[in-house]
Amino acid sequence: MAGPRDYQVEGLVIRDAVVGERDRVVVLFSRDEGKLSFIARGARRPGSSLGPCVQRLTRGRFQCVRRRSLDLITQAVTVESYARLKADLWPMSCALYLAELVDSSTVEGAANRRLYDLLVQAMDTIDQGGGNDMLLRFFELRLLEQLGFCPSLRRCVACNAVLQPVANSLSARQGGAMCPACTPFCEDALPLSVDALKVLRFYLANDMDMSCRARLSAQLAAEVEEHLRRFLDSILQKELKSRAWLSRLRAEALLTGNREEPTIARRPELEQD
Ligand SMILES: [Zn+2]
């Protein structure tokens, strides 16, 4: 029977760690309360019914008990195991990157329903074979937007002039684009091409589905990636392991000729079953 200390949360497991021989620490990004940490007792025991539900990148409904230290997960039901995503290295790496991004850019207990919806939609898209670089860039920009750090892309952040279709610059420290007249006075301003500005505006104006269909040249994709990386680095607390791993995977795919389009991830063959 549910007592006064019992409650239920719905969320995605974004991090987990082993504790002792049988238990697991589980970090959820929950639908209604943001990031939350729990202990799942016995989750590592063979045959544990809790075990599969508290695996990283699993979405579920969790029955919890409040405690002075970490709350307990006592029961769970899997809503989405994302089995297809986990079966292939590239999509799983993309999903782990997004989970680590959310984990590293949020604090415990700060509710953000729109970020949760964005994360779930991205997981669904990757699970359905849409894990490409455009999705990652779209997610990065929308994450910045949801956290209140969206780059200003219409007017110069220094003088407020409307940006013209010429080579401008982007400054993570100043929080947005700068016109050519203001650029020389900003130390961290990085050149922003007309096309890169258009791509960033496109991601803000369109949904995930539409944004994932964009096709960019390798040079333009690299420019957009670098700008977003600098913005993310200005709010993240640490280096992301999963980002280094993704870069390595991409470099290896290029070396071995595994992927035809360097800027677009190869679509995994998920439609076999
Ligand atoms: Zn200016």
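Read the figures in this text as sums done on the coordinates, not as results from a lab. This one's a predicted model, so the numbers in the text were calculated from it and none came from an experiment. Every residue, glycine among them, receives a Cβ derived from its backbone with ideal geometry; neighbour counts consider all protein chains shown.
Data overview
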read-out	value
Gaussian network model of the chain, springs between alpha carbon atoms under 10 Å - residue of 150, 186, 212 with greatest fluctuation	186
Length-normalised contact order for the range 101-234 - Cα pairs under 8 Å, 6+ apart - percent	24 percent
Top of 95, 177, 214 by mean-square fluctuation, Gaussian network on the chain, Cα under 10 Å	214
Descending principal axes extents, the range 36-103, alpha-carbon based, whole Å	38, 28, 19
Calculated FRET efficiency for the pair residue 213/residue 113, C-beta based, R₀ 22 Å, to 0.05	0.25
Residue order, fewest to most beta carbons within 10 Å, for 126, 235, 73	235, 73, 126
For the range 93-219, with +1 on Lys and Arg beta carbons and -1 on Asp and Glu, the positive-most of 162, 196, 119 along the dipole	162
Three-way shape label, the chain, alpha-carbon gyration tensor, a/c 1.5	prolate
Residue 68 paired with residue 167, simple spin-label distance in nm, labels 7 Å along Cα-to-beta-carbon	6.3 nm
Within straight-line cross-link reach of residue 241, aspartates and glutamates at Cα separation under 18 Å, skipping those fewer than 8 residues along the same chain	16, 100, 103, 133, 140, 225, 226, 233, 252
Axial C-alpha extent at least 15 Å, average Kyte-Doolittle at least 1.0 - helices from the chain (DSSP)	194-205
Residue order, fewest to most surrounding Cβ atoms within 10 angstrom, among 82, 203	82, 203
Contact order relative to length of the chain, as percent, for alpha carbon pairs under 8 angstrom and 6 or more apart	16 percent
Residue 8 paired with residue 124, simple spin-label distance in nm, labels 7 Å along Cα-to-beta-carbon	2.0 nm
Quotient of C-alpha Rg and 2.2 N^0.38 Å, computed over the range 167-237	1.14
Stretch gain in nm, segment residue 145-residue 194, where the contour uses 0.36 nm per residue and the Cα spacing is subtracted	15.5 nm
Residues 35, 198, sorted so that the one with the fewest Cβ neighbours within 10 Å comes first	198, 35
Fully extended contour minus Cα-Cα distance, from residue 201 to residue 25, at 0.36 nm per residue	59.5 nm
Choice from 79, 27, 120 showing the highest fluctuation, given a GNM over the chain with Cα pairs closer than 10 Å	79
Contour excess over end-to-end distance, with Cα ends at residue 181 and residue 155 and 0.36 nm allotted per residue	8.1 nm
